[in-house]
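Everything below concerns the one structure shown next.
The values are calculated or read from the model by the stated rules, or taken from the named source; none is laboratory data. As the structure is a prediction and not an experimental result, all values here were calculated from the model. Glycine also receives a Cβ, built like all others from the backbone with ideal geometry; neighbour counts cover every protein chain displayed.
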Amino acid sequence: MNETELFAKYRQTRDEKLRNEIVERYFHVAEILAKKFVGRGVEYDDLLQIASLALIKGVERFDETMGVKFSTYITPTIAGEIKNYFRDRSRLVHLPRRVVELKSAARRAAEEIAAETGKQPSVGEIAQRLGVDEEELIRAVEAGSVVSLDRPAGEEENGSFYDMIPAASDDFERLEQRDEVAAALATLTGDERKMVNLRFGEELSQSETAKRMGVSQMYISRMERRVLQKLRENLKKSMA
């Protein structure tokens, strides 16, 4: 029985045994994502429990008639549940003033470097700008929980610390999320897609992108904020 048939039958019968069969078939996704967050203050078994519950809820909510693979749907769903757990947990953590100040300084430095170069800076570039050790910067940014890395990097919320700190290669997650990203990009206008390609495909600065498109840098800046907000909203809908 293929995936579509399996979910269609479950939606009709709500058979618990069938649901368990689906969960077992995709349990490896929960394991992979739980392992991705290991080493950040929470035991693997606890992370796996959170991921497993998210997987079960995902099976219950998934609609196979939407034309999206379940693995594409469930990957960001599970990751979101884990991040929400860290976010809630982080609210209970009181951070030292030095750490809070360094986190704030890192956000400002990241904004400055991105504005100057047109690219998201690396940890090394931010650390060099602030005159601190890379390890100290990473510890400060990650202090409290992993979700501290996922908070907006600037006032306009154009990026997160995950964008600045290179993550380990995760081909599985990248492939699974490709369909969602493509679907979100398909909602953009022609000019918006051109801007995205120039800014993030060819990695041009805002001023260079403006010259290519024959508009002002301010126009590109406003378009970029609008487009990123639109993409975030569309991706959130696909994960709901």
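Points to keep in mind about this one:
- Number of the condition not met by Ala30 [criteria: (1) under 14 Å from Glu81 (Cα atoms); (2) without any contact (Cβ under 8 Å) to a residue 40 or more places away in the chain]: (2)
- Members of the stretch 129-146 that are at pLDDT 80 or above and within 24 Å of Phe200 (Cβ to Cβ): Arg129
- Within the stretch 47-60, tally of residues that are more than 13 Å from Gly80 (Cα to Cα), touching a residue at least 24 places away in the same chain (Cβ under 8 Å) and either surrounded by 17 or more Cβ atoms within 10 Å (Cβ to Cβ) or not assigned by TED's automatic domain parsing to the domain that holds Pro76 (or both): 1
Here's the yes/no breakdown for (1) surrounded by 13 or more Cβ atoms within 10 Å (Cβ to Cβ); (2) among the small types (Gly, Ala, Ser):
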residue	(1), (2)
Asn2	no, no
Glu5	no, no
Gly39	no, yes
Val42	yes, no
Phe62	yes, no
Lys69	yes, no
Thr77	yes, no
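- Residues that are acidic (Asp, Glu) and farther than 30 Å from Glu136 by Cα number at least 2 in the following helices (runs of 4 or more DSSP H) confined to the stretch 3-109: 3-13, 16-25.
Here's the yes/no breakdown for (1) at pLDDT 90 or above; (2) touching a Lys or Arg at 6+ places or on another chain (Cβ under 6 Å); (3) within 30 Å of His28 (Cα to Cα):
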site: Ile74; (1), (2), (3): yes, no, yes
site: Tyr85; (1), (2), (3): no, no, yes
site: Asp88; (1), (2), (3): no, no, yes
site: Leu95; (1), (2), (3): no, no, no
site: Val100; (1), (2), (3): no, no, no
site: Lys103; (1), (2), (3): no, no, no
site: Arg108; (1), (2), (3): no, no, no
site: Lys119; (1), (2), (3): no, no, no
site: Glu125; (1), (2), (3): no, no, no
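- The stretch 59-68: number of residues that are at pLDDT 90 or above and either within 18 Å of the chain's Cα centre (by Cα) or over 17 Å from Gln12 (Cα atoms) (or both): 0
- Count - residues of the stretch 182-200 that are in a helix (DSSP H, G or I), modelled with pLDDT of 75 or more and surrounded by 15 or more Cβ atoms within 10 Å (Cβ to Cβ): 7
- Residue check for Glu136: assigned to a helix (DSSP H, G or I), surrounded by fewer than 17 Cβ atoms within 10 Å (Cβ to Cβ), touching a residue at least 24 places away in the same chain (Cβ under 8 Å) and among the acidic types (Asp, Glu): yes
- Pairs, first at positive phi in the stretch 34-46, second of a type outside the set (A, V, I, L, M, F, W, C) and assigned to a loop (DSSP other than H, G, I, E, B), C-beta under 7 Å, six or more apart: Gly41/Ser145
- Members of the stretch 29-66 that are of a type in the set (Gly, Ala, Ser) and touching a Ser or Thr at 6+ places or on another chain (Cβ under 8 Å): Ala30, Gly41, Ala54, Gly58
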